[in-house]
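Student: I have a structure here, written as structure tokens, and I will follow up with some questions on it.
FYI, it's all coordinate maths here, none of it is from the lab. Everything numeric here is computed off the predicted structure, so don't read it as measured data. As a convention, Cβ positions derive from the backbone with ideal geometry for all residues, glycine included, and neighbour counts pool all protein chains shown.
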Amino acid sequence: MLEKRSKHIEELAKSEPAVARQFLASEEERLLSIGEARDPLCEELHQPIRGLVHKYANRVLCLLTAECASYCRFCTRRRMVSDVEQGRMTEDDIERWVGYISSRPEVKEVIISGGDPLVVSEDLFSFAIKKLSSPETVKVLRVGTRVPVSDPALLTESKLESIASAVQPVYVGIHFEHPAEITPETVSACERLRKVGAILYSQTVFLAGVNDDYDVLYELFSRLIEIGVRPYYLYRCDPVEGAGHFRVDFEKEREIATKLRANLSGLACPTYVIDSPNGNGKIPVPLGFWGVDYSRYRDFQGDEHEVEPDVLANCRFAGIHSL
């Protein structure tokens, strides 16, 4: 995975170690942790046509690009991010997505992601919004992005107009990891999105050395709700190759999530989930208010799984491999 950082992130990383750790490559990425995989969520097994992932019956994920404004070192799509040739979608690809969606009326929700869809050209973004909102059966559009954090200047008026043009509600999911990311430029980007009618929510990943701390996350989620961003998911870091050094001890995560739930307002508290290995879905984790056996869980199909110890354990490195 290549290194890439916007000028905005370069400047922020100079004074904020928690930001630098997310975007600067390190030798730790060469350590292979037990249980890691190239595609831990098995997205490629659920890709009926290029760039479209269909894991859940009522929604599809459309990967508009493999590029981002800046590359997060813990990305679950490390296998494809920065692969410009394979990850560059065209209008023809989008037309094929629309054909697939139109033939499946059970698909009510379309999630436009990547990479980061807000880094593509204004024309391609406008085309994607127009086409993917066209099937009558599509009731909700979502855009997954980190541009308001990683390079707010990429949120142009043209892209805002495209979001405003959709007849469906448009939910914009923004990836936040640390309070230092809530800069004046980022706040302005969120305000501009809200003014065109976008409904904002956030996603956050537990990251060792970045936000595995109650006070840090309490401040992050409190400030997000103040700028009109609803905290949505708090993830356990996926077991993707090269990101093992970011994984936090499971018990520590659960304790922090429990304390957050006890002290934040319900509106400011995200759901703590594990996007379970082998593509079994985002499973909510019971917090410390209940006595629970964490060695087993049921997926969304009702099938029971036994949790391998290394899935929940802290990093246990198995050796060195080449990136």
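Student: Compute the normalised compactness of region 154-280: alpha-carbon radius of gyration over 2.2 N^0.38 Å, N being the residue count.
Tutor: 1.13
Student: Based on DSSP H runs of at least 4 residues, each adding -39500 (n - 2.57), what is the mean residue ellipticity at 222 nm of the chain after dividing by all its residues, to the nearest 500 deg cm²/dmol?
Tutor: -8500 deg cm²/dmol
Student: For a footprinting-style exposure proxy, rank 181, 91 by other Cβ within 10 Å, fewest first.
Tutor: Arranged by neighbour count, lowest to highest, 181, 91 become 91, 181.
Student: Okay, moving on. Between residue 14 and residue 153, what is the label-to-label distance in nm when each label sits 7 Å out along the Cα-to-Cβ direction?
Tutor: 1.5 nm
Student: Name the residues whose placed amide hydrogens come within less than 5 Å of the amide hydrogen of residue 89, ignoring near sequence neighbours (fewer than 5 apart) on the same chain.
Tutor: Sorted by chain and number, the residues that satisfy this are 66.
Student: Using a cut-off of 13 Å between beta-carbons, work out the net charge of the residues near residue 222 (Lys and Arg +1, Asp and Glu -1, residue 222 not included).
Tutor: -1
Student: Limiting things to C-alpha atoms, what are the Rg and the maximum Cα-Cα separation (Dmax) for region 101-192, in angstroms?
Tutor: Looking at region 101-192, its Cα Rg and Dmax stand at 13.7, 44 Å.
Student: Between residue 134 and residue 230, what FRET efficiency comes out of the Förster formula 1/(1 + (r/R0)^6) with R0 = 30 Å and r the beta carbon distance, rounded to 0.05?
Tutor: Once the sixth-power term is evaluated, E becomes 0.65.
Student: Contour minus end-to-end for residue 287 and residue 30, with contour as 0.36 nm per residue of separation and end-to-end as the Cα-Cα distance?
Tutor: 89.2 nm
Student: If packing is taken as the average number of other Cβ atoms within 10 Å across a peptide's residues, how do 152-159, 240-247, 126-133, 298-305 rank, most packed first?
Tutor: Going by the mean number of other Cβ atoms within 10 Å, highest first, we get 240-247, 126-133, 152-159, 298-305.
Student: Which of 296, 5, 194 has the fewest other C-beta atoms within 10 Å, and how do the rest follow up to the most?
Tutor: Ranking 296, 5, 194 by Cβ neighbours within 10 Å, fewest first, gives 296, 194, 5.
Student: Compute the relative contact order of region 7-320 as a whole-number percentage, counting only Cα pairs closer than 8 Å that sit 6 or more residues apart in sequence.
Tutor: 19 percent
Student: Continuing with the same structure: Quick one: what are the phi-derived ³J(HN,Hα) couplings along region 132-141, Karplus 6.51/-1.76/1.60 with θ = phi - 60°, whole Hz, x for glycine and proline?
Tutor: So the J values, rounded to whole Hz, are 6, 8, 7, x, 4, 6, 7, 9, 9, 10.
Student: If packing is taken as the average number of other Cβ atoms within 10 Å across a peptide's residues, how do 207-216, 96-105, 68-77 rank, most packed first?
Tutor: Ranking, from highest mean packing down: 68-77, 207-216, 96-105.
Student: How large is the translational diffusion coefficient of the chain in µm² per second when you combine the Kirkwood radius over alpha carbon pairs with Stokes-Einstein at 25 °C and 0.890 mPa s?
Tutor: 121 µm²/s
Student: Next up: Assuming 0.36 nm per residue, please report the length gained on full extension of the stretch residue 164 to residue 249 beyond their Cα-Cα distance.
Tutor: 26.4 nm
Student: Report for the chain the percent antiparallel among DSSP-assigned beta bridges with both residues inside it, nearest 5.
Tutor: In the chain, approximately 35 percent of DSSP beta bridges are antiparallel ones.
Student: Send over the Kirkwood Rh of region 169-227, from the inverse of the averaged 1/r over different Cα pairs, rounded to one decimal Å.
Tutor: Evaluated on region 169-227, it is 12.1 Å.
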